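I have placed the structure first, in the form of structure tokens, so that the comments after it can refer back to it.
The values are calculated or read from the model by the stated rules, or taken from the named source; none is laboratory data. Being a predicted model, the structure only gives us computed values, none of them experimental. Here the Cβ positions follow ideal geometry from the backbone for every residue, glycine too, while neighbour counts run over all protein chains shown.
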Amino acid sequence: MADTRRRVTLTRDEVARVLHRASEIEAAADGQVPGDRYDAEAIEQAAVEVGLSPAAVRQAVAELRVGALPADAEGAVPSKRVTRSRVATSRIVSQQRLVERRPEAVHAAVDRFLRSQMLELRRHSGDRSLWRPRRDLVASLRRGLDFAGVIKLDGIRTVSLLVTPADERTLVRLEAELTSSHGNVVAGAAGTGAGVALLMGLAGALAAEPGLVMAAVPAGTVVGAGGLKVAGGRWRKRRDDVDEVLGALLDRL
């Protein structure tokens with residue numbers, strides 16, 4: 001008898017949702033707790049069945065291990081506009097690459113560069129390491145006398161390095177946390193504008209000048225907007241510079 005079932009096609013997002021739901025149904029039938037762990041090799045075999053390459057699955061598993069995949073259980077992907085907006089205002093700058101070097105060689109190369117940027121290793125555990133700026137006298141002098149611009153990772157709170165094997169290559173992810181956030185910049189500009197408005201209002205009240213009082217709020221708005229534009233521009237440039245440095249480092253690996 002011929003198979004009369006209608007052929008169904010699914011999008012990538014729908015495949016992720018269906019597989020997630022199927023795992024919950026299977027776990028419930030077996031009396032297991034939904035969300036139990038699955039062997040990576042079994043995932044590879046399942047991926048081959050739906051037309052995905054094992055290499056792509058191994059890379060995705062490596063990206064998951066270094067925290068590069070979203071944690072949404074249904075695999076929903078935010079829109080590109082939302083993603084760009086979040087990235088543009090985040091104090092976390094991240095870059096990742098698949099490189100040909102072995103993990104040990106990657107650690108050695110990145111370590112040398114970060115030490116040249118006056119950073120020190122504060123924690124190392126498995127495939128992850130955390131770096132912070134040095135606060136000693138020598139490092140302060142090096143930063144102050146860096147007229148050639150050798151130290152490019154300044155104004156950084158932390159740098160995180162994650163290195164993990166991905167098939168025949170190595171996945172490397174670098175994350176730098178800026179010392180100031182976009183929210184701090186906005187709050188600072190707003191505070192400056194409010195201060196100007198308050199001072200002008202008080203001065204107008206003391207001098208009995210209604211015109212000065214009435215102009216206080218518009219003047220504060222103008223000052224705050226101007227300060228936000230200047231400070232925001234500097235902050236974005238700093239973020240872009242750090243992003244470029246991290247990208248160039250990974251390109252050299």
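Flag: S129 matches the condition of being under 19 Å from L249 (Cβ atoms) and hydroxyl-bearing (S, T, Y). Just one of the listed residues (D167, D243) is closer than 24 Å to R102 by Cα, at pLDDT 85 or above and of a type in the set (D, E), namely D243. Taken over the stretch 106-165, residues that are not hydroxyl-bearing (S, T, Y) and not in a helix (DSSP H, G or I) amount to 36.
I'd like to check something: does the stretch 101-119 contain any residue that is of a type outside the set (V, I, T), within 23 Å of the chain's Cα centre (by Cα) and modelled with pLDDT under 90? Among the residues of the stretch 101-119, not one is of a type outside the set (V, I, T), within 23 Å of the chain's Cα centre (by Cα) and modelled with pLDDT under 90, which makes the answer no.
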